[in-house]
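As structure tokens, the structure follows; a few thoughts come after it.
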Ligand code: PMP
């Protein structure tokens, strides 16, 4: 997951090599975590020699919504940001699975943690990325001792760099305790999400996920799964999930742009279901993998091809 300093990035209004993209140490976002970020995947389909961006419009929309909450005034429109992402992919001539990281950050060299009266800038870079979590084997997850940031502390729906300290605390605790990933409870003690993924459980053939008000990032993959489930006529509920419900779920999976659909084998050392990937998880995972790589025409509306586009 290392950044290649030779790749082309977009910084201060220009496409340029990563090694020439710098920010000042007094930059507001560097000092106070006042940056909002996106995370978009591009999937390379070798047979078609095509690169597909997955739901780039939704990702840019969420980035701009995060910016609004942070009282930013980005000079670039949604359309322009999408164009820059496509252009960057083209300029790098990437032919492998890739992760794009657009950022809007408070760029003035100003002291004092505040949102108003600080200018912002846009940057974008990309890295090659295959699996972020191992989606082939089951994950062993543990409930974090860290609670998810509360709506009135750092709203989780803002994908902010500062907010990721919460995720980093939980992720490291989980890994150092021998788990693959952490599950947060929210301030009330209800299940929230993973450190960088939303969570779904299956009980009696019903797909259940915590609601946005339980401190979750409004995940694009989460929304995609809700839409797929509705198309498949699966029973779905967005409702509070209690910790002990995880232990007796038939299936559990985590989902996110990085994680994709990753199934959970154990929670707090308790096996989930029969210890294998569940039927509904397996069906959704198979479908998702086809869609993102351009092998399912019905959902090609969610893909932006890079090389065959004429813009
Ligand atoms: N929750 C958190 C905390 C995340 O960092 C992510 C990854 N962006 C997600 C959920 C999943 O969101 P998405 O499906 O939009 O990637």
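For first residues located in region 159-173 and more than 15 Å from residue 197 (Cα to Cα), partners that are away from the ligand (no atom under 11 Å from the Cβ) and part of a loop (DSSP other than H, G, I, E, B) and lie 6+ apart or on another chain with Cβ distances below 6 Å form the pairs 161/33; 162/33.
Residues in region 146-187 that are exposed (fewer than 15 other Cβ atoms within 10 Å of the Cβ) and within 21 Å of residue 272 (Cα to Cα): 175, 177, 178. The single condition among (1) under 18 Å from the mean Cα position of the chain (by Cα); (2) on the phi > 0 side of the Ramachandran plot that residue 268 does not satisfy is (1).
Just so you know, in region 210-238 the residues that are crowded, with 23+ Cβ neighbours inside 10 Å and over 16 Å from the mean Cα position of the chain (by Cα) include one that is farthest from residue 162 (Cα to Cα), and it is 210. Could you run through region 256-291 and say how many residues are free of Cβ contacts under 8 Å to residues at least 60 places away in the same chain and either assigned to a strand (DSSP E or B) or under 18 Å from residue 197 (Cα atoms) (or both)? Matching residues across region 256-291 total 5. Among what's in region 9-25 and is assigned to a loop (DSSP other than H, G, I, E, B) and out of contact with any helix residue (DSSP H, G or I) (no Cβ under 9 Å at 6 or more places or on another chain), pick the residue that is surrounded by the fewest Cβ atoms within 10 Å (Cβ to Cβ). If we take residues in region 9-25 being assigned to a loop (DSSP other than H, G, I, E, B) and out of contact with any helix residue (DSSP H, G or I) (no Cβ under 9 Å at 6 or more places or on another chain), then 22 is surrounded by the fewest Cβ atoms within 10 Å (Cβ to Cβ). Is it the case that residue 196 is within 30 Å of residue 28 (Cα to Cα), at pLDDT 95 or above and in contact with a helix residue (DSSP H, G or I) (Cβ under 7 Å, 6 or more places away or on another chain)? Yes.
Could you list all residues from region 85-95 that are surrounded by fewer than 16 Cβ atoms within 10 Å (Cβ to Cβ) and touching a residue at least 24 places away in the same chain (Cβ under 8 Å)? 90, 91, 95 - these are the residues of region 85-95 that are surrounded by fewer than 16 Cβ atoms within 10 Å (Cβ to Cβ) and touching a residue at least 24 places away in the same chain (Cβ under 8 Å).
The values are calculated or read from the model by the stated rules, or taken from the named source; none is laboratory data. Predicted model, so just to flag it, every value in this text is computed and none were measured. Please note: Cβ atoms are built from the backbone with ideal geometry, for glycine as well, and neighbour counts cover all protein chains shown.
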